[in-house]
Amino acid sequence: MQLSFELDTSAKASLQTQLVGEITTSITSGRLTPGTRLPGTRSLSQQLGVSRNTVLLAFSALEAEGFIESREGAGTFVSAYWPEPAPFQETGPATPPVPSRPATAEPEVTCDFQLEAVDPDLFPTATWRRLMMRRMQSPDFNLSRTGDPRGAPDLRKAICRFLGASRSMKIDPEQVLIVSSIQQATNVVGQMFVSPGSPVVVERPGCSLIAPIYARAGAEILPVPTDHDGLRVDLLPQRRNALVAVTPERQFPMGASLSTTRRKALLDWAEHTDAHVFEVDFDSEFRYEGSPKPALQSLDRHGRFIYSAAFALTIGPGLRIGFLVLPPRLVAPAMHALRLLDHAYPCQTQGAPWLDQAVLCDFLESGGYEKHLRRLRKTYMARRNALMDALTRWFGPCDLGGTASGTHLVWRLPAHLPDAGTCQALAGSVGIRVNTMMLETVTGPEYLPDWNRYLLLGYADLPEDKITAAVARLAGALLPGRD
């Protein structure tokens, strides 16, 4: 590490005194925090162009005053506790304390029904460690080497095989582009299709992470309502060259799957209006009833459909790997857009670390990923069932949506309960956090009739016994007079 200051050889103060002053000021001002390792005396003398003896004497003075400390075999560090009052600190009459208002402490949150959660205890630690060690021990291990800017070829092949089986997609590896996340994929698509005045269709209610990206590029955002069958395709605007961002397999946040009839109607509309459709797939792997429908791309006849997904909800958000599937004619424009967002010239560095890509490829090819998904589905289904059973036990028959897949359900509150905002506040009073349609990741709740009658309850990271106990406490808060 180099220290960011210089010494003035023409100043009256000696170089040793200047160095002591610079380091002391850096410590007392907070620029050098306790525990920071200082450069060695030899390297610091070379950096500042002074003799090493000058630095040694300065360090000795600073250590005598308690600002720094030497650790044998480790180096010199800023002391955890330096002298008080600090040098150069103005002192004055003590300020009398301001009396604080008595405040009611918020109850500790003991159960959070958060959406899009991941249970870290379900991460396949042993398998991942074994695959990573094997890669690190291979002759190819070298963190400084660059890879294919489109993503590791073997990983793209593995993704093609996985999507062929799980989403009925017949694609080539050349159509796959590795990105860091769905959000980055959204940015890439925006770079390709959005300019000031471009029409962009979004779902309402929908995901709040999509429209703002395109709105900042000057797009004209065209909201279209959704219902129990997903996007209202019959309400799509008759605008040419539009981009449609849609979550067909599991509409966020309501959980509906776009019906087959509407999928075909969307295809016809796109071809009629010369539009492109951007399919965002958050969590199609978590289906508990029936099978996931084929991706919209599998119906594509004229290269109008783009597909994006990521591994954040299945493996974990720490694995920053997602992907785009594009019609062949759009691969080159997408690569150009990605370079503008994430590539560093001239090295052509790929955004996702190649070691993570290699391990993920091995995880897919070895069958470990499918085994992991089976475990997740089994666990999440049990947690979903525990939540549904507990709600029914305490509140009677419940109007629940989004139960066939995903990691959260939508509860339409019965008439005898207060509105969603009031229920959220009452739940918070007993340490339970629930979500309303005003959640920051949801946009356009006003397009849903009685939007203030819905609660969103995530369950992915909650054990069954915790869910059961939390719903019992929730009932105590929402149903006065019941235990």
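Tabulated data
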{"quantity": "Counted residues, the stretch 6-35 - those being in a loop (DSSP other than H, G, I, E, B) and surrounded by 15 or more Cβ atoms within 10 Å (Cβ to Cβ)", "calculated": "2"}
{"quantity": "Which numbered condition MET381 fails, given (1) in the same structural domain as VAL188 (by TED's automatic domain parsing); (2) assigned to a helix (DSSP H, G or I); (3) touching a Phe, Trp or Tyr at 6+ places or on another chain (Cβ under 7 Å); (4) aliphatic (A, V, I, L, M)", "calculated": "(1)"}
{"quantity": "Single match in ARG232, ARG240 (criterion: without any contact (Cβ under 8 Å) to a residue 60 or more places away in the chain and out of contact with any strand residue (DSSP E or B) (no Cβ under 7 Å at 6 or more places or on another chain))", "calculated": "ARG240"}
{"quantity": "Pick from the stretch 319-341, criterion more than 22 Å from MET169 (Cα to Cα) and charged (D, E, K, R), ranking: surrounded by the most Cβ atoms within 10 Å (Cβ to Cβ)", "calculated": "ARG320"}
{"quantity": "Residue that is surrounded by fewer than 19 Cβ atoms within 10 Å (Cβ to Cβ), of a type in the set (D, E, K, R), on the phi > 0 side of the Ramachandran plot and without any contact (Cβ under 8 Å) to a residue 40 or more places away in the chain, where the choices are ASP419, ASP450, ASP399", "calculated": "ASP450"}
{"quantity": "Residue match in the stretch 221-240 (condition: within 17 Å of GLY206 (Cβ to Cβ), touching a Gly at 6+ places or on another chain (Cβ under 6 Å) and among the basic types (Lys, Arg))", "calculated": "no"}
{"quantity": "Residue ranges of strands (runs of 3 or more DSSP E) in the stretch 384-483 with at least 2 members touching a Gly at 6+ places or on another chain (Cβ under 9 Å) and not assigned by TED's automatic domain parsing to the domain that holds THR247", "calculated": "408-412, 454-458"}
{"quantity": "Matching residues in the stretch 162-179 - criterion: being of a type in the set (Val, Ile, Thr) and surrounded by fewer than 17 Cβ atoms within 10 Å (Cβ to Cβ)", "calculated": "none"}
{"quantity": "Pair list, Cβ < 6 Å and 6+ apart or interchain, from the stretch 4-20 residues that are touching a residue at least 24 places away in the same chain (Cβ under 8 Å) to residues that are assigned to a loop (DSSP other than H, G, I, E, B)", "calculated": "LEU15/LEU7; LEU15/VAL50"}
{"quantity": "Residue that is touching a strand residue (DSSP E or B) at 6+ places or on another chain (Cβ under 8 Å), over 18 Å from ILE210 (Cβ atoms), small (Gly, Ala, Ser) and surrounded by fewer than 23 Cβ atoms within 10 Å (Cβ to Cβ), where the choices are SER298, SER259", "calculated": "SER259"}
{"quantity": "Breaking point among (1) at pLDDT below 95; (2) part of a helix (DSSP H, G or I), for ASP148", "calculated": "(2)"}
{"quantity": "Residue check, ARG204 modelled with pLDDT of 95 or more and among the charged types (D, E, K, R)", "calculated": "yes"}
{"quantity": "Any hit, the stretch 116-136, residues being within 18 Å of PRO353 (Cβ to Cβ), among the β-branched types (Val, Ile, Thr), modelled with pLDDT of 95 or more and under 24 Å from the mean Cα position of the chain (by Cα)", "calculated": "no"}
{"quantity": "THR41 vs. criteria modelled with pLDDT under 90 and within 42 Å of the chain's Cα centre (by Cα)", "calculated": "no"}
{"quantity": "Output for the stretch 36-76, where each listed residue is among the hydrophobic types (A, V, I, L, M, F, W, C), outside any helix (DSSP H, G or I) and within 12 Å of LEU3 (Cα to Cα)", "calculated": "LEU38"}
{"quantity": "Odd one out for ALA215 among (1) among the hydrophobic types (A, V, I, L, M, F, W, C); (2) surrounded by fewer than 22 Cβ atoms within 10 Å (Cβ to Cβ); (3) in a strand (DSSP E or B)", "calculated": "(3)"}
{"quantity": "The stretch 261-303, residues that are without any contact (Cβ under 8 Å) to a residue 60 or more places away in the chain, touching a helix residue (DSSP H, G or I) at 6+ places or on another chain (Cβ under 7 Å) and among the β-branched types (Val, Ile, Thr)", "calculated": "VAL277"}
{"quantity": "When residues of the stretch 453-466 are limited to those that are closer than 17 Å to LEU409 by Cβ and over 24 Å from the mean Cα position of the chain (by Cα), the one surrounded by the fewest Cβ atoms within 10 Å (Cβ to Cβ)", "calculated": "LYS466"}
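The rows are residues; the columns are (1) more than 26 Å from the chain's Cα centre (by Cα); (2) of a type in the set (A, V, I, L, M, F, W, C); (3) outside any loop (DSSP other than H, G, I, E, B); (4) at pLDDT 95 or above.
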| site | (1), (2), (3), (4) |
| --- | --- |
| ARG262 | yes, no, yes, yes |
| LEU266 | yes, yes, yes, yes |
| PHE278 | no, yes, yes, yes |
| GLN297 | no, no, yes, no |
| ARG301 | yes, no, no, no |
| TYR307 | no, no, yes, yes |
| ARG320 | no, no, no, no |
| LEU338 | no, yes, yes, no |
| LEU341 | no, yes, yes, no |
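The values are calculated or read from the model by the stated rules, or taken from the named source; none is laboratory data. The structure displayed is predicted, hence computed values, not measured ones. Please note: Cβ atoms are built from the backbone with ideal geometry, for glycine as well, and neighbour counts cover all protein chains shown.
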